[in-house]
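Each reported figure results from applying straightforward, stated rules to the coordinates on display, with no laboratory input. Computed from a predicted structure; not experimentally measured.
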């Protein structure tokens with residue numbers, strides 16, 4: 001684990017940003033420029049064990065192609081047919097909660113061969 005002084009020595013660029021009451025912030029322009037970010041680009045926030053947060057640009061190549069195609073389809077459909085967007089009925093949400101009571105999932109656990 002690195003010390004704060006070691007982290008500062010490795011910094012190439014350091015810029016502050018203010019967190020809003022809604023937990024939002026703007027990525028400062030020098031950081032956006034350095035990462036080559038523009039509107040609608042994706043970023044990944046990674047929290048390290050020493051409480052350091054790393055922001056990286058997510059390239060199209062890093063996205064799962066099947067998930068990306070599905071999300072692109074949904075995005076286009078919502079854009080062209082916003083009237084189709086509906087809230088999930090409360091009874092469906094209640095049923096899903098009832099089905100998952102007591103179920104624990106470790107998202108970091110490796111899949112068994114038959115689950116992949």
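When the chain is treated as a GNM, springs tying every alpha-carbon pair under 10 Å, which of 32, 57, 48 comes out with the largest mean-square fluctuation? In the Gaussian network model the winner is 48. Taking every C-alpha pair closer than 8 Å and separated by at least 6 residues, the mean separation divided by the residue count of the chain gives a relative contact order of 12 percent.
GNM on the chain, alpha-carbon springs under 10 angstrom: the most fluctuating residue among 89, 30, 65 is 89. Between 58, 67, 12, the GNM of the chain built on Cα springs shorter than 10 angstrom shows 12 fluctuating the most.
Mean residue ellipticity at 222 nm, helices only, the chain: -10500 deg cm²/dmol; runs of at least 4 DSSP H residues each add -39,500 (n - 2.57), and the sum is divided by the number of residues.
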